[in-house]
C-alpha cells in the first residue's frame, strides 16, 4: 500500500512539474512576443513622428488645423448669410459631387506618308 501511494505521489509530482514547466514556457513565449510587438509599435510611432515633423516643416497643415478651418468657414458663412438676409448654405463643398470628367474623343492617328 505504501508503494502505491509513493508511486501515485511521484506521478502527481511529475504531472505538476510538467504542467508548471509548460506554463512557464508559454509565459516566456508570450513575453517575447509582447517585446517584439512593442518594438514594432515603437518603430512605427517614431516613423510617424518623423513624417509629421517633416510635413510640418514644409507647411502642410495637420488634420486638426484643416478641421478648425472648416469650422471657421461654416461660422463665417452663417454670419454672411445673416447679414445679407439669405439662408446659409450648409457645407456645400462637401455635398457637391464632382462633375463627370469628359474624356476628349481620340483622333485617329495620322498616317505616315510613304514614298
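Contour minus end-to-end for residue 83 and residue 30, with contour as 0.36 nm per residue of separation and end-to-end as the Cα-Cα distance?
Separation in residues times 0.36 nm, less the Cα-Cα distance, equals 12.6 nm.
By how many nm would the segment from residue 69 to residue 40 lengthen if fully extended, with 0.36 nm per residue of separation less the alpha-carbon distance?
Residue separation times 0.36 nm, minus the Cα-Cα distance, leaves 7.0 nm.
Coordinate-derived values only; no laboratory data. Just so we're clear, the structure is a prediction, and the values are computed from it rather than from any experiment.
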